[in-house]
Every structure is written in C-alpha cells, then in structure tokens.
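The values are calculated or read from the model by the stated rules, or taken from the named source; none is laboratory data. Predicted, not measured: the structure shown is a model, and the values here were computed from it. Reconstructed Cβ throughout: ideal geometry from the backbone, glycine too, with neighbour counts over all protein chains shown.
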Amino acid sequence: MWQYRELIRNLTVADLKNRYQNTSLGFFWSLLSPLLMAGVLYFVFRHLWGHEEDFAVNILVGVMAWQFFSTGTSSSLRAIVSNVGLVTRVYVPRHILVLSNVLTSLINSLFAFVALLPIILILRSSLPPTVLLFPLVHVVFFVFLFGAGLFLSSLYVYFRDLTQIWDVVIRTLFFASPIMYPVTIIPAYIMPYYMLNPVTQFIIIYRDVMVAGQLPSPYSMAVVCGFAVLAYAVGSLTFRRLERRFAEQM
Amino acid sequence: MSAIIVDNISKKYRIPHEKKSTLFQNIVGVIKRQFSYEEFWALKDVSFEVKRGEALGIIGRNGSGKSTLLKVLARILYPDSGSVSINGKVACFLQLGVGFQPELTARENVYIYSSILGLKRREVDRMYDDIFDFAELRKFENMKLKNFSSGMSMRLAFATAFHAVPDTMLIDEVFAVGDEAFRKKCSDKMIQFKAEGKTIVFVSHSLDSVKQLCGRSMLLHEGSIVTTGDTEEVVDHYLAMLQKK
C-alpha cells in the first residue's frame, strides 16, 4: 500500500477538487449543509427535547458524525463502478480506489468538526479537555467506514440496485440513531437492540468527548473498536473474493 | 534471465443466458431456478516465457484470446488456473489516458496519470518539461482537460505514457490510433525502447508493425498457442491459416 501513496494522494486531491469546483460556494457547502440540517432539526424538535442539557450542541455533533457516515458510505459505494477505466484498462490495486474515496470524506468531516469547535465554545463557553481524544475516535470511525466501503463497493459491482437499497438503509439508520433525540427516550427493552447500531455507539462517544467532557467508558471504546475491526475484516474479505471478476462484470 | 514467466494459464468466462445485474433479478433467478450459463474458455493452458529485453508479438484472429492474455498478464483479469510471474515494474497500455479527469488541468492530469503508471512525484517533476515539449502543449498546461480537443488529450496521454516507461510494457493496439505522423512517432519510440532493453509484449493486428518491432512472436487460436518462434515464420503460418478458412 505504501508504494502507492502518491496515487492515493493524487486521487484524493482530484476527488476533492472535483467535488468542490463544480459548486459555486465550493468547499463551504460541505460545512453549510450539515449546519443547516442541524438548524432545521433544532427548530423542529426543540419543543420536545429542548429542555435537555446541551440539546443544540448535541444535535450539531450528531449531525456531523452522521454526515461522515452517510456521505462516506454512499460515495464509497460507487468507488469501483465510477472508475471503470482504472479497473478494466490498467492495473492499480482496487482497494486504493475505495481508500481514496473514504479519505476524501474524512478530510471533509475533519473540516466540519474543526468548524464545530468554535461553535461549541460559543454555545457552552468552554471546550472540554477530552476533545483531545477526538482524533482517536475519528480514526476508529474511519477504519469502520473503510471496511464498510470495501464491502459495499464490491457488492455494488454485482448488484446494481444496491444504491437504492442502501438509500433505504441510510434513511432508517438516521431515525435509529440518537441525532435529533436523546438516547434516554429509548425504552429499556429495546435498548440492547438499539445499541447494536454502530452509528449510535460512535455518536455517544463523540458527545462524551466533545460536549459532556467525560472519558468514554472502556467498554464502549472496546465496542466501537470491535465494530471497526469487524467491518474491516468482513469488508476486505468480501472485497478480495469479489475483486477477481470486477473487470468481467463491468 | 526471464522477465515474464507464464505457466499453464487458463481463463474461463461465464456467459449467463440471462444477465443478472441486480439483487432483485438474482432473487427472481433463484425462485425460477434460472442459473444456467455457457462456459467459454478464452485461454487454454497457455505457457511461455519472455526474456528480459525481448519484444514478443502476439497475433491471432479476433476472439483468439490475445487481449484476454494481455489482461491476465496485467493482473486486470485473474486466471482460473496457472500462474504469471513478472520481474520488475509493469505498465500496461490497453488504452491511453486512463483516469484523465476532464475537470482538472493538463498539469494535474499529468501527475495523476503518471502516478497511475507507477511514477513518483519527483520523477514526474524531472520529466515534466520533456512531457509538455514532446506533446507540444506547453501553452495549455493550465487549461482544463475538458477544453482540450481529442487530439490534444491524446498527445498529452501519449507523451506522459512514454515518459513513464518501466521495465516491462504490455501494449494492446493503442498506438494504432491517430494520424500517420502520430503512428510514426509511436513506432519510432517503441523501437527506441526496445533498443534501451525494455521488455515488450505487443498485441496487434498490424502484421507489419509486429514484424518491425518483435523478433519473436506467438500465434493464438481459440485460446491456445498454435506456434511460437521467429516472427517471419509465425506471420507466414498465420497468413496460411487465414487462407485456408
């Protein structure tokens, strides 16, 4: 992988340029759209849960984490199919296409989270020191998304209706994750199943370190690391198996 | 010293009677039990070696497995059995300008394309001027590729490709496009590479250019090697075979 670092960097930079050059506000859209979405969620749901502590900030953090998940998976899903030439006309290790795609989403989300810091500072008048753990959490989330990307992009070569299916999954997960509501509203008997959603686990940890200022419990860190390792293992096994007939399928 | 060793390669294509490209179609297929497909062996037990610095020509009729063989060598396709080992760096030219991005400038595209072909940034920095002089596109280096004519992007791709040549080149007909002058430039360049000791595998329908470039050739027919040897003899064999049909 290391010997292809130039290619990975070039593809990522090209991807970033392609995403932003075509929009008039360019790069600011990637910040603006989650902020606007968080604003909408805040105004719609503040009557229900506005009394909760740090409701607005929690929505912002939730939306940013969600954005990384949803754009990361739905754009890496197309990483192989949208690069027909690089798959069928020349040899580059195919997982590089997925990696550079997820890296693009990572860079986007880094900007978004960094832009979030001053907002948190204004709304809460302090930043918790645990925010220093953010990079660690983000790296774990990145590994999780890379694994998911490998899995989805290789299946998409064979099953072209996967975009529609994944759209539905994404929509469902949006409501099944604590983005616009607090986790406390979930009834106890559903809780064990509710916590199986990786996005929920990640959002809770992001809020711990960025808003509440508490260290995530070793248990929940172990759970997200487990999710990341599992996603990467399943993703790369699937990818390696399906990769063999990519060029024939496309 | 062999640059390429190909050992007993076979490649099978599955051609389904009904192509299923979605999960829905697959589920319907399971219910209706429609999973029949034709098997088509594009390559059958192909073995050969190419020495370092040698140029091997591969000829044969349409559908004889030439391109499949080249793609297997390039690792684009996986063989169903057998193995390929190639020493040193390989670049394959099945098409020029793979990965060109219309929204980016010529300059950026040169860097992207070179890294696809396996070049380091520093190496491209060094050859950058040569590439643009060769392509005669110096004035347009900061123009977006979407504003290039097809001839211009062709020249850019060609110039980049030929400055990025590693030890082994796999070439499939790509240089047969373009006008007479362009083709002349390409064949000159290839003869120069051969003189420099690069290993070349060359697939072509143009028997003249095979004769010009390759000392040794291989004739494929329906996925098997018919004969290998001196290019003149192999070409004669091929022409005789065509005559008989």
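Observations on the model:
- Matching strands (runs of 3 or more DSSP E) fully within the range B:26-106 where at least 2 residues are exposed (fewer than 15 other Cβ atoms within 10 Å of the Cβ), over 17 Å from the mean Cα position of the chain (by Cα) and touching a residue at least 12 places away in the same chain (Cβ under 8 Å): B:37-51, B:81-86
- Breaking point among (1) free of Cβ contacts under 8 Å to residues at least 24 places away in the same chain; (2) within 14 Å of chain B (Cβ to nearest Cβ); (3) of a type outside the set (Lys, Arg), for A:LEU152: (1)
- The lone exception for B:SER115 - which of (1) within 11 Å of another protein chain (Cβ to nearest Cβ); (2) touching an Asp or Glu at 6+ places or on another chain (Cβ under 6 Å); (3) in a loop (DSSP other than H, G, I, E, B) it fails: (3)
- Considering the conditions (1) surrounded by 21 or more Cβ atoms within 10 Å (Cβ to Cβ); (2) aliphatic (A, V, I, L, M); (3) away from chain A (no Cβ under 11 Å), B:MET152 is excluded by exactly one of them, (1).
- Residues in the range A:69-88 that are within 14 Å of chain B (Cβ to nearest Cβ) and either within 19 Å of A:MET1 (Cβ to Cβ) or touching a strand residue (DSSP E or B) at 6+ places or on another chain (Cβ under 8 Å) (or both): A:ALA79, A:ILE80, A:ASN83, A:LEU86, A:VAL87.
- Condition met for A:SER153 (in a helix (DSSP H, G or I) and either out of contact with any Lys or Arg (no Cβ under 6 Å at 6 or more places or on another chain) or of a type in the set (D, E, K, R) (or both)): yes
- Test: residue in the range B:122-133 that is among the hydrophobic types (A, V, I, L, M, F, W, C) and within 8 Å of chain A (Cβ to nearest Cβ): no
- For B:HIS163, the conditions (1) within 30 Å of B:ALA240 (Cβ to Cβ); (2) touching a residue at least 24 places away in the same chain (Cβ under 8 Å); (3) of a type outside the set (A, V, I, L, M, F, W, C) are fulfilled apart from (1).
- Residue, nearest to A:ARG89 (Cα to Cα), within the range A:215-249, restricted to residues that are within 14 Å of another protein chain (Cβ to nearest Cβ) and loosely packed, with under 14 Cβ neighbours inside 10 Å: A:ARG244
- Screening B:SER187 with (1) among the small types (Gly, Ala, Ser); (2) more than 29 Å from B:LYS44 (Cβ to Cβ); (3) in contact with a Ser or Thr (Cβ under 9 Å, 6 or more places away or on another chain); (4) surrounded by fewer than 14 Cβ atoms within 10 Å (Cβ to Cβ) gives one miss only, at (4).
- Boolean, A:PRO118 is surrounded by fewer than 20 Cβ atoms within 10 Å (Cβ to Cβ), more than 12 Å from the chain's Cα centre (by Cα) and without any contact (Cβ under 8 Å) to a residue 60 or more places away in the chain: yes
- With respect to (1) farther than 25 Å from A:TYR20 by Cβ; (2) within 14 Å of another protein chain (Cβ to nearest Cβ); (3) surrounded by fewer than 16 Cβ atoms within 10 Å (Cβ to Cβ), the lone exception for A:PRO129 is condition (2).
Okay, residues lined up against (1) touching a residue at least 60 places away in the same chain (Cβ under 8 Å); (2) touching a Leu at 6+ places or on another chain (Cβ under 8 Å):
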position: A:ILE8; (1), (2): yes, yes
position: A:LEU11; (1), (2): yes, yes
position: A:ALA14; (1), (2): no, yes
position: A:ASN18; (1), (2): no, yes
position: A:LEU31; (1), (2): yes, no
position: A:VAL44; (1), (2): yes, no
position: A:HIS47; (1), (2): no, no
position: A:VAL63; (1), (2): yes, yes
position: A:SER76; (1), (2): yes, yes
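- Filtered by the rule that a residue be closer than 22 Å to A:VAL40 by Cβ and part of a loop (DSSP other than H, G, I, E, B), the range A:172-191 gives A:ALA176, A:SER177, A:PRO178, A:ILE179, A:MET180, A:TYR181, A:PRO182.
- Residues satisfying the stated conditions in the range A:193-210, i.e. farther than 13 Å from A:VAL183 by Cβ and in contact (Cβ under 8 Å) with a residue 60 or more places away in the chain: A:VAL209, A:MET210
- Among all residues of the range A:44-57, there is at least one that is out of contact with any Phe, Trp or Tyr (no Cβ under 8 Å at 6 or more places or on another chain), at pLDDT 85 or above, surrounded by 18 or more Cβ atoms within 10 Å (Cβ to Cβ) and away from every other protein chain (no Cβ under 14 Å).
- Residue-level check: of (1) away from chain A (no Cβ under 14 Å); (2) over 30 Å from B:MET1 (Cα atoms); (3) among the aliphatic types (A, V, I, L, M), B:LEU104 misses just (1).
- When the test is whether a residue is modelled with pLDDT under 95 and under 25 Å from A:TRP2 (Cα atoms), A:ILE119 does not pass it.
- Going through (1) farther than 26 Å from A:PHE27 by Cβ; (2) surrounded by fewer than 16 Cβ atoms within 10 Å (Cβ to Cβ) one by one, A:GLY147 falls short only on (2).
- Filtered by the rule that a residue be touching a helix residue (DSSP H, G or I) at 6+ places or on another chain (Cβ under 6 Å) and among the hydrophobic types (A, V, I, L, M, F, W, C), the range B:69-83 gives B:ILE76, B:LEU77.
- Test result for B:ARG138, surrounded by fewer than 18 Cβ atoms within 10 Å (Cβ to Cβ), without any contact (Cβ under 8 Å) to a residue 60 or more places away in the chain and closer than 23 Å to B:PHE182 by Cβ: yes
- Some residue of the range A:3-18 being in a helix (DSSP H, G or I), of a type in the set (Ser, Thr, Tyr) and facing chain B (nearest Cβ under 10 Å): yes
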